[in-house]
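J.: What follows is a single structure, and I will ask about it in a moment.
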Amino acid sequence: MKNDWGIMKTNYNWLKELVDVDLPPRDLAAKLTMAGIAVDAVDFYGDDAVLEIDLTSNRPDCLSQLGIAREAAAVLGKTARTPEAKVIESKTKTGDVTSVEILAPTLCPRYTARVIRGVKVGPSPDWMVKRLESLGQRSVNNVADITNYVMLEMGQPLHAFDLHQLRGERIVVRTARSGEKITTLDGEERDLTPETLVIADAERPVALAGIKGGEDSGITEKTVDVLLEAAYFAPAQTRATSKALGLSTEASYRFERGTDPEIVTKASDRAAALIAEIAGGEVLSGLVDVYPTKAARDWIGFRRSRYTALTGLPIELGEAERILRGLGFTVEADVENDRLRATAPSWRVDVSIEEDLIEEVARIAGYDNLKNALPGGGGAGAYLPGEDARRAARLTLTALGYDEAVSFSFVNGETDEMLSGAGEDSRLALLNPIDETQAHMRVTLLGGLLGSLERNFNHGARNVRLFEIGKCFMDDLGERPVETERLGIVATGARNEDDWASSDGRGSIDFYDLKGVVESVADALGLSDLEFESDVDCDFLHPGRRAEVWMGDEVIGVMGQLHPRIAARYKFKQPVFVADLNLRMMLLADRAKVRYHPLPKFQTMVRDLALLIDTGVQFADVERAIEGIKIPELVGVKLFDLYAGKDLPAGKHSIALSLRYRAANRMLTVEEVNAAHDRVIGVLKREFGAKVR
């Protein structure tokens with residue numbers, strides 16, 4: 001049995017009925033563990049024992065007593081026995097009483113039905129109850145217990161219907177119709193969608209395919225005639241329905257991982273024989289078996305040289321052939337070319353390539369034969385492309401007081417669209433989301449960062465600076481989505497939380513702080529000067545406090561203060577500043593070459609300049625005009641004050657600049673500096689109508 005903690009339980013005495021085990025339980029557990037079937041514990045109950053096995057998800061064949069028996073047979077050199085099913089059938093044919101129609105063959109490749117008439121539903125015999133309870137199964141009634149017993153024994157889930165509760169006394173396997181509902185055996189009414197595969201009768205759904213039966217058609221004390229289902233359902237379909245309905249069962253757990261389509265009839269025979277033996281009744285002749293397309297397995301090659309290369313162990317070709325045959329594989333040896341080929345048995349859904357065969361041989365030959373060895377070194381390690389630039393960006397941001405955040409790539413599509421402007425057509429929806437509220441791939445990092453900021457606020461933090469580097473995804477309607485690496489930044493609160501002056505709000509982070517951070521990252525990456533264009537249409541940023549970030553002729557992102565409407569949705573009560581940048585474009589851009597410059601030998605002369613200028617003129621325009629004069633001795637321009645008050649003319653404000661002059665090979669004279677300074681003033685007067693204060 002498979003329980004909620006990932007442990008498969010197997011009964012030791014039951015196992016001995018399927019393979020001749022001549023080892024005590026603990027020794028058998030050790031053998032199985034060394035063959036890759038990890039036994040975590042052995043619990044003893046009188047003369048019996050239960051082995052608790054931690055199975056990996058790729059081994060659904062071991063979710064039964066028969067599956068573990070096959071493994072035990074392989075490691076012990078024995079042969080496993082399939083449970084016997086001696087069915088005594090009546091003359092009446094099953095096909096004369098019922099029929100099966102599959103309308104969704106890709107979702108249900110095989111469906112069988114048997115009919116047992118005249119059963120008497122009641123309690124199960126003690127031996128069956130004890131065996132089921134040893135594996136954690138509760139007894140219900142003899143018919144239901146037999147279907148559970150055979151599932152645990154052979155790995156094939158079955159379901160029993162009350163034949164006369166099926167309208168039309170027939171089975172139709174189809175997808176649900178819009179608006180249909182079903183009340184399952186647990187008493188829950190469930191809404192169905194056209195993506196849900198159901199077992200229906202002539203009129204309505206009577207079971208969720210591969211998951212759970214319906215209440216109206218289940219076995220009760222009044223049941224006389226039973227229709228026994230044994231089928232194979234597509235794993236992906238069962239998994240999708242189970243997740244969508246939030247309903248997981250022992251049957252769905254097995255169907256989700258892949259059952260054996262060829263054991264269906266054997267399991268049906270076994271269950272029918274037990275029902276006739278324990279509950280009485282007659283088994284009708286034959287069974288209805290709808291199997292449109294039988295699954296075929298391809299040949300897989302096995303090279304002895306490849307085996308040795310991967311494991312470091314020698315092996316004889318005959319020994320590899322013996323091991324694979326012992327595991328149920330069909331094998332053809334090519335001794336001349338030192339290789340063989342094999343087809344996997346129907347129950348081994350996890351084997352498809354040569355490396356799978358090599359693993360099968362190696363684990364039975366003995367993992368304990370593998371030698372420990374360190375991998376060889378081919379040379380010094382190296383960063384991945386762009387990794388040095390990413391490290392430089394991270395170091396710069398952390399030095400500026402920012403903490404790195406890591407958020408999920410699965411996001412709420414509406415929130416992501418609100419923070420990016422990406423339309424619904426460009427968003428990637430998940431086919432089977434873990435959380436219905438996080439059902440899209442992200443197109444921006446801002447959603448995760450703002451979510452982190454919200455959690456910080458809820459815990460009392462008010463001064464927060466975060467950044468994230470991660471992949472975002474967009475659908476360009478091509479074969480594959482576009483995957484882009486982006487940089488997201490969010491900042492709010494005090495510029496320096498230890499500064500007492502910050503308490504009055506004048507020391508709070510503003511647009512220019514964030515602009516400086518973006519420029520610092522660009523400098524760390526060796527990029528040319530960025531341009532910031534304020535005339536930008538961006539609904540989630542505050543008008544007048546937002547900008548596009550340009551690198552040459554390309555826009556690489558946006559930055560600014562979060563729009564009050566968006567801030568209100570998050571209940572932010574203080575200004576929040578964000579930046580969303582295309583880091584991939586920044587990493588691929590040409591970088592400025594690093595050149596050595598000696599420290600200046602001559603003194604720098606500073607001139608301050610206060611100008612009365614139109615409020616619509618940006619400092620970037622002023623700086624660009626000054627640089628356009630191309631004065632070699634002008635080595636720096638800095639804005640250090642901005643003043644706007646009632647004593648100034650309407651539409652004007654005062655800016656104060658600090659200009660630094662220095663020559664590389666001599667000391668500048670006062671006259672030279674004054675002449676250069678006058679040229680700067682002249683240009684600003686002509687281009688902007690500025691007045692010197």
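J.: About the Cα centre of the chain, how large is the charge dipole given +1 on each Lys and Arg Cβ and -1 on each Asp and Glu Cβ? Please answer in debye to the nearest 20.
T.: In total the dipole reaches around 1300 debye.
J.: Here is a further query. Give the distance, in whole Å, between the Cα centre of the stretch 396-431 and the Cα centre of the stretch 213-233.
T.: Here the answer is 49 Å between Cα centres.
J.: Ignoring solvent entirely, what values of log10 I(q)/I(0) come out of the Debye formula for the stretch 117-187 at 0.12, 0.15 Å⁻¹ when each Cα is a single scatterer?
T.: -0.46, -0.68
J.: What distance in nm lies between label points placed 7 Å from Cα along the C-beta direction at ARG322 and ASP47?
T.: Taking the two extended label points, one gets 3.4 nm.
J.: In whole percent, how big is the carbon plus sulfur part of the accessible area of the stretch 46-203, probe 1.4 Å, protein atoms only?
T.: Using a 1.4 Å probe with all protein chains present, the stretch 46-203 comes out at 45 percent carbon and sulfur.
J.: So what's the back-of-envelope 222 nm ellipticity for the chain, counting only DSSP H runs of four-plus at -39500 (n - 2.57) apiece and dividing by all residues, rounded to 500?
T.: Details: 19 runs with 202 residues, N = 693.
Theoretical 222 nm ellipticity from helices: -8500 deg cm²/dmol.
J.: On a 0 to 90° scale, report how tilted helix 264-278 is relative to the longest principal axis of the chain, with both axes built from alpha carbons and the result rounded to the nearest 10.
T.: The answer is roughly 50 degrees.
J.: Given N residues in the stretch 203-309, what is Rg(Cα) / (2.2 N^0.38 Å)?
T.: Relative to the 2.2 N^0.38 Å estimate, the stretch 203-309 comes out at 1.43.
J.: In addition: Do you know the relative contact order of the stretch 539-636, to the nearest whole percent, from alpha carbon pairs under 8 angstrom that are 6+ apart? Working shown, then result.
T.: Values: 66 pairs, mean separation 17.0, N = 98.
Over the stretch 539-636, the number comes to 17 percent.
J.: Order of 306-315, 324-333, 232-241 by packing, highest average Cβ count within 10 Å first? If you can, show how the numbers build up before the last one.
T.: On the way: 306-315: 14.5, 324-333: 17.5, 232-241: 21.3.
Ranking, from highest mean packing down: 232-241, 324-333, 306-315.
J.: Would you mind giving the three semi-axes, in whole Å and largest first, of the ellipsoid equivalent to the stretch 423-488 according to its Cα gyration tensor?
T.: Numbers: eigenvalues 149, 44, 12 Å².
Calculated on Cα positions only, the semi-axes equal 27, 15, 8 Å.
J.: How big, on average over all directions, is the shadow cast by the Cα convex hull of the stretch 548-689, in nm²? Intermediate values should be presented prior to the final figure.
T.: Working: hull surface 52.6 nm².
Value for the stretch 548-689: 13.1 nm².
J.: Next question. How would the stretch 65-179 be classified by its alpha-carbon gyration tensor: rounded, prolate or oblate, with rounded meaning a/c under 1.5 and the a/b versus b/c comparison settling the rest?
T.: prolate
J.: Given C-alpha coordinates of the stretch 532-603, what is the ratio Rg to Rh with the Kirkwood estimate of Rh?
T.: 1.21
J.: For helix 235-245, what angle does its Cα long axis make with the longest principal axis of the chain, in degrees from 0 to 90 and rounded to 10?
T.: Orientation of helix 235-245: about 70 degrees from the principal axis.
J.: At a Förster distance of 41 Å, what's the computed FRET efficiency of GLU262 paired with THR437, Cβ-Cβ distance as r, to 0.05? Please list the in-between numbers first.
T.: Values: r = 41 Å, r/R0 = 1.01.
Efficiency computed from Cβ-Cβ geometry: 0.50.
J.: For PHE410 paired with ILE629, estimate the spin-label separation in nm (one decimal), with each label point 7 Å from Cα along the Cα-to-Cβ line.
T.: Distance between label points: 6.1 nm.
J.: In the chain, what percentage of the DSSP-assigned beta bridges are antiparallel, given to the nearest 5?
T.: In the chain, approximately 95 percent of DSSP beta bridges are antiparallel ones.
J.: Counting each pair of different Cα atoms once, what's the Kirkwood radius of the stretch 109-234 in Å, rounded to one decimal?
T.: About 15.1 Å for the stretch 109-234.
J.: May I pose another question? Given 25 °C and 0.890 mPa s, compute D for the stretch 167-254 with the Stokes-Einstein relation, Rh being the Kirkwood radius over Cα pairs; round to the nearest whole µm²/s.
T.: Rounded, D is 185 µm²/s.
J.: Can I ask one more? Would you list LYS120, LYS181 from the most to the least accessible area, probe 1.4 Å?
T.: Output order, biggest surface exposure first: LYS120, LYS181.
J.: Another question, if that's okay. Where the convex hull is taken over the Cα atoms of the stretch 261-379, what is its projected area averaged over directions, in nm²?
T.: Working: hull surface 49.4 nm².
Computed as one quarter of the Cα hull surface, the answer is 12.4 nm².
J.: State which entries of LYS16/LYS120; LYS31/LYS86; LYS573/LYS652; LYS9/LYS243; LYS9/LYS31 exceed 27 angstrom in Cα-Cα distance in the structure shown.
T.: Correct reply: LYS16/LYS120; LYS31/LYS86; LYS573/LYS652.
J.: Using Cα pairs closer than 8 Å and at least 6 residues apart in sequence, work out the relative contact order for the stretch 204-275, in percent.
T.: Relative contact order, the stretch 204-275: 35 percent.
J.: Average projected area of the Cα convex hull of the stretch 262-326, in nm²?
T.: If you wrap the Cα atoms of the stretch 262-326 in a convex hull and average its projections, you get 7.9 nm².
J.: Right, something else. By how many nm would the segment from ASP614 to ARG569 lengthen if fully extended, with 0.36 nm per residue of separation less the alpha-carbon distance?
T.: Numbers: separation 45, 0.36 × 45 = 16.20 nm, distance 3.59 nm.
Extra length available between ASP614 and ARG569 comes to 12.6 nm.
J.: Looking at the square roots a ≥ b ≥ c of the eigenvalues of the Cα gyration tensor of the stretch 11-81, which shape do they give, rounded for a/c under 1.5, prolate if a/b is larger than b/c, or oblate?
T.: The shape class here is rounded.
J.: Between the stretch 20-51 and the stretch 279-299, what's the alpha-carbon centroid distance in Å?
T.: Between the Cα centres of the stretch 20-51 and the stretch 279-299 lies a distance of 34 Å.
J.: With the other protein chains left in place, how much accessible area per residue, in square angstrom, belongs to the chain at a 1.4 angstrom probe?
T.: Heavy-atom accessible area per residue stands at 52 Å².
J.: Report the per residue volume, in Å³, of the convex hull enclosing the C-alpha atoms of the stretch 597-643.
T.: 106 Å³
J.: While we're here: Normalized C-alpha radius of gyration of the stretch 434-568, against 2.2 N^0.38 Å?
T.: That works out to 1.17 for the stretch 434-568.
J.: Over the stretch 1-149, one equal point on each Cα, no solvent: what is log10 I(q)/I(0) by the Debye formula at q = 0.12, 0.16, 0.19 Å⁻¹?
T.: Results for the stretch 1-149 at q = 0.12, 0.16, 0.19 Å⁻¹ read -0.65, -1.00, -1.19.
J.: Another question about this same structure. Can you give the FRET efficiency to the nearest 0.05 for ASP553 and THR106, using r as the Cβ-Cβ distance and R₀ = 60 Å?
T.: About 0.75, to the nearest 0.05.
J.: Let me ask another. For the chain, what is the convex hull volume of its Cα atoms per residue in Å³?
T.: Numbers: hull volume 170.0 nm³, N = 693.
Taking only Cα atoms, the chain has a hull volume of 245 Å³ per residue.
J.: Would you mind calculating the relative contact order of the chain from Cα pairs under 8 angstrom and at least 6 residues apart, reporting the percent as a whole number?
T.: Across the chain, relative contact order equals 9 percent.
J.: At a Förster distance of 41 Å, what's the computed FRET efficiency of THR82 paired with THR308, Cβ-Cβ distance as r, to 0.05?
T.: Once rounded, the FRET efficiency stands at 0.70.
J.: Here is a follow-up. Can you give the extra length, in nm with one decimal, that the chain gains between ALA675 and ASP191 once fully stretched, where that is 0.36 nm per residue apart less the Cα-Cα distance?
T.: Numbers: separation 484, 0.36 × 484 = 174.24 nm, distance 8.40 nm.
Net length gain for the segment: 165.8 nm.
J.: Report, to the nearest 10°, how far helix 142-154 tilts away from the longest principal axis of the Cα atoms in the chain, using its own Cα long axis and a range of 0 to 90°.
T.: Its long axis makes an angle of about 70 degrees.
J.: Could you give the size of the charge dipole of the stretch 187-269 about its Cα centre, using +1 on the Cβ of each K and R and -1 on the Cβ of each D and E, expressed in debye and rounded to the nearest 20?
T.: The calculation lands at about 360 debye.
J.: Rounded to the nearest angstrom and ordered from largest down, what semi-axes does the equivalent ellipsoid of the stretch 634-677 get from its C-alpha gyration tensor (root of 5λ)?
T.: Working: eigenvalues 198, 24, 8 Å².
Each semi-axis is √(5λ); the values are 31, 11, 6 Å.
J.: Turning to a different aspect of this structure: Roughly what would the spin-label model give for LYS243 and GLU387, points 7 Å off Cα along C-beta, in nm?
T.: Between LYS243 and GLU387, the label points sit 3.2 nm apart.
The values are calculated or read from the model by the stated rules, or taken from the named source; none is laboratory data. Keep in mind the model is a prediction, meaning the values are calculated, not measured. We place every Cβ from the backbone using ideal geometry, glycine too, and count neighbours over all the protein chains shown. Note: areas computed on protein heavy atoms with side chains; ligands, DNA, RNA excluded. Shrake-Rupley method; radii C 1.70, N 1.55, O 1.52, S 1.80 Å.
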